[in-house]
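Reviewing the structure listed below.
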Amino acid sequence: MKLNVLMLSLFLSVAQPVGAAELTEHQQLAREIFAELIEIDTTDSQGDNTAAAKAVQRRLLAAGFPPEDVQVIVPAERKGNLVARLRSPAPSAKPVLLLAHLDVVEADPADWSIAPFEFLERGGYFYGRGTSDDKAMAAIWTANMIAMKQQGYQPKRDIIMALTADEEGGNANGVVYLLENHRELVDAAFVLNEGGGGMMRDGEHLANAVQAAEKVYQSYQLEVTNPGGHSSVPRADNAINTLASALLKIAAFEFPVELNEVTRAYFRQGAAMLPPEQERLMLGLLETPPDPQSLAFLSAVPAYNARMRTTCVATQLSAGHAENALPQRAQATVNCRILPGVDPATVEKTLNEVVADSTVSITPIAEPKPSPPSALTEEVMAPIAEITEQMWPGVVVIPTMSTGATDGLYFRNVGIPVYGVSGLFGDLDDVRAHGRDERISVASFYDGLEFLDLLVRSYSSQ
């Protein structure tokens, strides 16, 4: 009998996914929701965000949420958004809003070693498009909302969850639509969103980042035109050469270092993660004026450099119409990420001054969407620090500014602060969001589930 039990135990340990037997009911639910969302294609080209929103809606209704508190709002075909609310019996403060986007960037199966829209657990990771950006948060918010409802949790403020479309691009951005047409459904004291998260290296938890600001996305088209002619009779004013010269000038130019409350905190608190000499160099940036050695060291590290200053980089080129003709037109796209608080008009002016060539036109491709940083208040930051220390002793909490963009900017621009925080730790040297074989650590997913559950209960119990 003992032998049979032992053999059965060994069989089960092989037959089941790693850790499956040890999952709690809460973890199992989160995993099931995560798998369901990953296997719904929500790309802009052919995916269906509405199908994903309705899948979550079914789960919330089955858990006992009343229909009026679980709405799927569809502004355009395949672009549905879900808004759900766990109500407080006697709210003493404005709601907290849990935000995640259901849409994902394109994924060509030919580029992947696995099927991008099939959920796979292998080697301690969950694989699939959207695992790290941003369906893990969508699944976690949903599982935690269901757990709170089933446990009879009575928050002191309403908890809203919004799972939206077209954060990654498209013509029906869900956050914009909700703010413009259903502001009462998503009005909140503050928003918890993507953009932050934990940082690991070689399995060691280093820091838990809180995104409180983001740079402004602004692209410019550079264009040079001239009459052209036959390639056998070259001209001095070759459009390609002129454009190339302009791009080299921009590449060699550095915008000035400008720090704000968030980036000062990022460098001050992030210094503790570094070896002593690098810590000294990072803290030297905060001196007045900044230490020249510090500037040289940090400017050479792209991730640091991008948080110190506005950056502009060439990303696309197009020129010429035939191999045996002089180009009549040469165009380039220069993508800038502008520090919050910096007027985009001054960046355009600077580019014109750097290029210093009237034959090169520089035109904004679209209107910029600046957003103000969110204040690092004690109400928001203290629970993050406390729970981080509880779960990962010694890990520092670092405010950060995203060098990219999120839907948080739309809330910030209507006066609602946004904080990117997840407790989902990822390897600094293996970032796969938007890339091939996207994945997230299984352990990190379940840690994030616990962290965000504790965090939302902390915010909603006061």
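The values are calculated or read from the model by the stated rules, or taken from the named source; none is laboratory data. All of these numbers come straight from a predicted model, not from anything done at the bench. Don't worry about glycine lacking a Cβ; one is built from the backbone with ideal geometry, like all the others, and counts go over all protein chains shown.
If you check L424 against the conditions, is it hydrophobic (A, V, I, L, M, F, W, C) and buried (at least 21 other Cβ atoms within 10 Å of the Cβ)?
Values: hydrophobic (A, V, I, L, M, F, W, C): yes; buried (at least 21 other Cβ atoms within 10 Å of the Cβ): yes.
Yes.
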- A careful count of residues in the range 287-305 that are part of a helix (DSSP H, G or I) and either more than 26 Å from the chain's Cα centre (by Cα) or under 22 Å from L222 (Cα atoms) (or both) gives 6
- Task: Enumerate the pairs (first residue in the range 116-127 and under 15 Å from E36 (Cβ atoms) and in contact (Cβ under 8 Å) with a residue 40 or more places away in the chain; second residue anywhere and part of a loop (DSSP other than H, G, I, E, B) and of a type in the set (G, A, S)) with beta-carbon separation below 7 Å, excluding pairs fewer than 6 apart on the same chain, so at least 6 apart or on different chains.
- Result: F117/G128; E118/G128; F119/G128
- Out of the residues in the range 150-183 that are touching a strand residue (DSSP E or B) at 6+ places or on another chain (Cβ under 6 Å) and within 20 Å of R58 (Cβ to Cβ), which is surrounded by the fewest Cβ atoms within 10 Å (Cβ to Cβ)? I160
- Task: Considering only the range 326-342, state which residues are surrounded by fewer than 16 Cβ atoms within 10 Å (Cβ to Cβ) and assigned to a strand (DSSP E or B).
- Result: T333, N335
- Count, please, the residues in the range 265-307 that happen to be loosely packed, with under 15 Cβ neighbours inside 10 Å and under 16 Å from A207 (Cα atoms). 5
- Item | Lone unmet requirement of (1) surrounded by fewer than 17 Cβ atoms within 10 Å (Cβ to Cβ); (2) more than 14 Å from K149 (Cβ to Cβ) for L61 | (2)
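One line per residue, one yes/no per condition, for (1) surrounded by 22 or more Cβ atoms within 10 Å (Cβ to Cβ); (2) hydroxyl-bearing (S, T, Y):
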{"residue": "S374", "(1), (2)": "yes, yes"}
{"residue": "T377", "(1), (2)": "no, yes"}
{"residue": "W392", "(1), (2)": "no, no"}
{"residue": "V396", "(1), (2)": "no, no"}
{"residue": "A405", "(1), (2)": "no, no"}
{"residue": "G420", "(1), (2)": "yes, no"}
- Pairs, please: C-beta under 6 Å, at least 6 apart or cross-chain, first residue over 19 Å from S299 (Cβ atoms) and in the same structural domain as G341 (by TED's automatic domain parsing) and in the range 261-280, second β-branched (V, I, T) and not in a loop (DSSP other than H, G, I, E, B)? Q269/V396; Q269/I398; A272/V396
- Before we move on, is L192 among the hydrophobic types (A, V, I, L, M, F, W, C), over 22 Å from I398 (Cα atoms) and modelled with pLDDT of 95 or more? no
- Query: Among the listed residues E353, E323, which satisfies the condition of being assigned by TED's automatic domain parsing to the domain that holds E223, assigned to a loop (DSSP other than H, G, I, E, B) and over 26 Å from the mean Cα position of the chain (by Cα)?
  - Reply: E323
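Over 30 Å from N226 (Cβ atoms), over 25 Å from the mean Cα position of the chain (by Cα), of a type outside the set (F, W, Y) and modelled with pLDDT of 95 or more: does that describe P393?
On the way: over 30 Å from N226 (Cβ atoms): yes; over 25 Å from the mean Cα position of the chain (by Cα): yes; of a type outside the set (F, W, Y): yes; modelled with pLDDT of 95 or more: yes.
Against the criterion (over 30 Å from N226 (Cβ atoms), over 25 Å from the mean Cα position of the chain (by Cα), of a type outside the set (F, W, Y) and modelled with pLDDT of 95 or more), P393 qualifies.
Is it fair to say G195 is buried (at least 18 other Cβ atoms within 10 Å of the Cβ), assigned to a loop (DSSP other than H, G, I, E, B), touching a residue at least 24 places away in the same chain (Cβ under 8 Å) and not acidic (D, E)?
Numbers: buried (at least 18 other Cβ atoms within 10 Å of the Cβ): yes; assigned to a loop (DSSP other than H, G, I, E, B): yes; touching a residue at least 24 places away in the same chain (Cβ under 8 Å): yes; not acidic (D, E): yes.
Considered against the rule, which asks whether it is buried (at least 18 other Cβ atoms within 10 Å of the Cβ), assigned to a loop (DSSP other than H, G, I, E, B), touching a residue at least 24 places away in the same chain (Cβ under 8 Å) and not acidic (D, E), G195 comes out as yes.
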- Task: Read through the list (1) surrounded by fewer than 12 Cβ atoms within 10 Å (Cβ to Cβ); (2) part of a helix (DSSP H, G or I), then give the number of the only condition that E348 fails.
- Result: (1)
